[in-house]
Amino acid sequence: MMAYNPEWREHYVFLEILRQSGKTNMFGATPYLVKHTGLNGITARKVLQSWMDNYDQLLEDGVIPREVILW
């Protein structure tokens, strides 16, 4: 059974790119989601919590990349 929301795939990928960039501690990622995706704060926090709670499954399912090329 899938615990994460597949409709949030692009947001999960954004969070992974943000994590790999080292730009912020991921506990502070909500404002980045709001700014770069247009989500409201409540939804952004839910997406972030889902990404954190399901990180290993997101990797295993190939939803988020293990490595991204950061320009």
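For this structure, a couple of remarks:
- Contact order relative to length of the chain, as percent, for alpha carbon pairs under 8 angstrom and 6 or more apart: 43
- Selection of trypsin sites (Lys or Arg not before Pro), the range 11-71, meeting DSSP coil and at most 14 other Cβ within 10 Å: Lys23, Arg66
- The chain - Rg (one decimal) and Dmax (whole number), Cα, Å: 11.3, 36
No lab work stands behind these numbers, since they all come straight from the coordinates. Since the structure is predicted, the reported quantities are computational estimates derived from the model, not experimental observations. Glycine gets a Cβ as well: all are built from the backbone with ideal geometry, and neighbour counts include every protein chain shown.
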